[in-house]
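Data first, discussion second: the structure below is written as structure tokens.
The values are calculated or read from the model by the stated rules, or taken from the named source; none is laboratory data. Predicted model only: the values in this text are computed from it and were never measured. Cβ sites come from the backbone with ideal geometry, for glycine too, and all protein chains shown count toward neighbours. Note: accessible area is taken over every heavy atom of the protein model, side chains too, but ligands, DNA and RNA are not part of it. Shrake-Rupley method; radii C 1.70, N 1.55, O 1.52, S 1.80 Å.
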Amino acid sequence: MFFKLVNQFKPTLVRTISESKWLLQEAKSSNLFKLRKSTGYALSKCKEALEKNDGNIEAASKWLDEQAQKEGWSKAEKLKNRQTKQGTLVLYSDREKNQATIVELNCETDFVARNEKFLDLSSHLAKSILLNAQVNGSKEMIDKEELNKIKYLDQSRTLGDQIALAIGNLGENMSIRRAVIFNLKENEYLGWYMHGSISGPMNNCHFGKYGALVNFSLTQRNENYKPFDIGRQIAQHIVGMKPQTLGEMPANEINSDEPVKIDENETRLFYQEFLMKPNCRVLDFLNENHTKVNDYARLECGEVLENDENK
């Protein structure tokens, strides 16, 4: 009886499998497959987009982006009151423009902070900021409100739009919290250091939970270190010792034979004990290496700031 039933339905079964293979082959060569491959949206969404746009791939792709943006902003609005204390710092430098930035992007959980899509987003935000932000001086601090207005890389949307899109995709609240940009003059050097990396470099960007930028100059040729090595050591010290100000360099030459008293609670950079050389102040290291620190910035992901909604 069983074999009789199988034989009865066999032609239909063979025809169904054959039709399915044909339909799959058709889909692969159709606009539906092309749209799915180029946009990454669900097949059902791509089908709906093509139906609404008479099979035009370009118009359908635009419609999908618009719908995703609407859904992203809707999701962002629902999640906006959730705290975002996790995240990453991302550093990007442009040697041609002699500029660099560190950006803080926050999310809800460490799980998302380690997500490749989140890190990819943060790297593109950093590049967008360096490309499109208005920089008037040698150092520019940009807050959340201004950052969200900056144009994204492709100029088709703002950073705020792009973050909302990511919220829709990843399902967590996110916020771009702050950024610092260094704009160096001729004969100025950039030092940087990122600590607590949650990922290797991506898109020519570096990640971490702590970061520092240093603007410095050399008063004469240095025989001990290359400029990059000097800047990196100073930046490492800044990340580790958390100075509050530069301090004033003493007017008179330092007598290296005299013992130096170092206060463990010192908050001025120049007068702190140099992290890379015990019993030596930062200013002593600078003098030894003919280096002048012009400015610096230190960021810590999730640190409490004045008037901060993340408190």
* Report the semi-axes of the equivalent ellipsoid for segment 129-203 in whole Å, largest first, where each axis is √(5λ) for an eigenvalue λ of the Cα gyration tensor. => 25, 18, 11
* Under the Karplus curve 6.51 cos²θ - 1.76 cosθ + 1.60, θ = phi - 60°, whole-Hz ³J(HN,Hα) for segment 118-128, x wherever Gly or Pro sits -> 5, 5, 4, 4, 4, 5, 6, 5, 4, 5, 4
* Can you give me the pair-distance distribution of segment 124-276, C-alpha pairs, 10 Å bins, whole percents? -> 9, 28, 34, 18, 8, 3, 0
* Structure fact -> Residue by residue through segment 220-232, the couplings from Karplus 6.51 cos²θ - 1.76 cosθ + 1.60 with θ = phi - 60°, in Hz, x for Gly and Pro, are 7, 4, 9, 8, 8, 9, 6, x, 4, 5, 5, x, 5
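Pairs of Cα atoms under 8 Å, at least six residues apart: use those to get the relative contact order of segment 97-231, whole percent.
Rounded, it is 28 percent for segment 97-231.
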* Working from the pairwise distances between different alpha carbons, so that the mean of 1/r is found and then inverted, what is segment 166-223's Kirkwood radius in Å? -> 14.7
* Taking a label point 7 Å from the Cα of residue 138 along the Cα→Cβ vector, which residues of segment 216-251 have an amide N closer than 12 Å to it? -> 216-218
* Rg to Rh for segment 27-146: what is it, with Cα atoms only and Rh by Kirkwood? -> 1.08
* Structure fact -> Treating only Lys and Arg (+1) and Asp and Glu (-1) as charged, each at its beta carbon, one finds that segment 155-252 has a dipole about its Cα centre, in Debye to the nearest 20, of 140
* Asked: Taking every pair of alpha-carbon atoms in segment 49-115, what share in percent sits in each 5 Å bin, from 0 to the bin with the longest distance?
  -> 4, 14, 12, 12, 13, 13, 14, 12, 6, 1
* **Distance from segment 268-283 to segment 197-235 (C-alpha centre basis), Å** => 17
* Asked: residue 246's amide H: which non-local residues (gap 5+, or another chain) put their own amide H closer than 5 Å, with H modeled 1.01 Å from N in plane and none for Pro or chain starts?
  -> 269
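How would 36, 82 line up by accessible area, probe 1.4 Å, largest first?
The residues order as 82, 36, largest area first.
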* Leaving ligands, DNA and RNA out of it, rank 143, 161 by accessible area with a 1.4 Å probe, largest first. => 143, 161
* Asked: Just the accessible area for residue 275, please: 1.4 Å probe, Å², rounded to the nearest 10?
  -> 80
